[in-house]
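Scroll down for the structure; my scribbles are underneath it.
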Amino acid sequence: MKKILSKISNTIITYLTLISPQLNTRIRYWQNFRQKINLKNPQTLDEKIQWLKFNTYYKNPLVIQCADKYAVRDYVKQCGCDEILNELYFSWDSVDEINWDLLPDSFVIKWNFGCGHNLICRDKTQLDIESAKRKLREWYKSHRTFYLSHSEVHYKNIQPKLICEKLIKTDDGSLPVDYKLYCFNGNPDCVLVCLNRDKGHPDFYFFDKDMNLKRYNKTGKLAAENFTVPRPVGFEKLFEYAQKLAAPFPFVRADFYLENGEVIFGELTFTPCGGFDSGRLPETQLLFGSKLKLN
């Protein structure tokens, strides 16, 4: 019964966005942080992300373009960073357009909106194509409502598109490490490293530009005193590319992969966790908030 009531409550809060995105956000903020959000004088990073969401990002055509996982490729090219784009095999407007016979032995298919809509195929001979179609169609259904849950209005008018890209392969066959660079007013400050993605529940650790662990989140706080990860070849290039791509934006998280010294672009994220990241420590929220200057 509790689960049913919780689902009903969440649905009501989600559709509040159609009436008042700010009311949706105030309720979500209270749910995540057990405190009122300050939108008049925002101090924490997530408060400032919400402020940007309502005052800038929802009507910024470049933000809307770059939130689109397909259209952002043109922006990356305009920044002179063509070389970091992952190889694009195909793009389609619907699942029915996919010619599965033409696809390579391994690939990734994903929708250009939202998050988590990734079909990873390591071996096409083992792929259940009908099941894959059902999954892609199911994900497609969320394209009209994805933005409602956390009032991420910059996703609202993205035209759905399927893209098929090269599967990034690693030496041990696991999913690649994800490097997420937090950029404040165009300057990449630190990187959130996403490890063990194959587990389904990856581990996230913050590091500075010298690859020193920063105990900014709950996972980092609990890490062993001498915890570290090897500094990958080409690590410094992540910050160089992030600075180029982040230049026009007050805040953006620039996501990359780095395999054998080669930087591969992932995406640009303007509202991580919808602007409700309770995994960051309260002192980190204030520290990051102080780094982000709003006009």
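How would you rank 136-142, 54-60, highest first, on the average number of other Cβ atoms within 10 Å across their residues?
54-60, 136-142
Order these peptides, 281-290, 77-86, by their mean beta-carbon neighbour count within 10 angstrom, highest first.
Ranking the peptides 281-290, 77-86 by packing returns 281-290, 77-86.
Hey, what do the phi angles of the range 49-59 turn into as Karplus ³J(HN,Hα) couplings, whole Hz, using 6.51/-1.76/1.60 and θ = phi - 60°, x for Gly and Pro?
Ordered by residue, 3J(HN,Hα) equals 4, 5, 4, 4, 4, 8, 10, 9, 5, 5, 10 Hz.
Got a number for the accessible area of Phe113? Probe 1.4 Å, square angstrom, nearest 10.
10
Counting alpha carbon pairs within less than 8 Å and at least 6 residues apart, what relative contact order, in whole percent, applies to the range 106-182?
Answer for the range 106-182 is 39 percent.
Relative contact order of the range 132-245: what whole-number percent is it, with Cα pairs under 8 angstrom and at least 6 residues apart?
Relative contact order, the range 132-245: 15 percent.
Can you give the local net charge around Gly261? Use residues other than it whose beta-carbon is closer than 14 angstrom to its beta-carbon, Lys and Arg +1, Asp and Glu -1.
Spelling it out: positives minus negatives among the neighbours equals -4.
Suppose a student asked you for the relative contact order of the chain, using Cα pairs under 8 Å spaced at least 6 residues apart; what percent would you report?
Over the chain, the number comes to 22 percent.
For Tyr89, list long-range residues whose amide hydrogen, built 1.01 Å from N in the peptide plane, is under 5 Å from its own amide hydrogen.
Cys164, Glu165, Lys166
How much mean residue ellipticity at 222 nm does the chain get from its helices, if each DSSP H run of length 4 or more adds -39500 (n - 2.57) and you divide by all residues, to the nearest 500 deg cm²/dmol?
Rounded to the nearest 500, the figure is -9000 deg cm²/dmol.
List the residues, sorted by chain then number, that are 5 or more residues from Asn217 or on another chain and whose placed amide H is less than 5 Å from its amide H.
Close amide H contacts, sequence-distant or interchain: Phe206, Leu281.
The values are calculated or read from the model by the stated rules, or taken from the named source; none is laboratory data. On a predicted model such as this, the values are computed, not experimentally measured, just so you know. With ideal geometry, Cβ positions are generated from the backbone for all residues, glycine too; neighbour counts draw on all protein chains shown. Heavy atoms of the whole protein, side chains included, go into the accessibility calculation; ligands, DNA and RNA do not. Shrake-Rupley method; radii C 1.70, N 1.55, O 1.52, S 1.80 Å.
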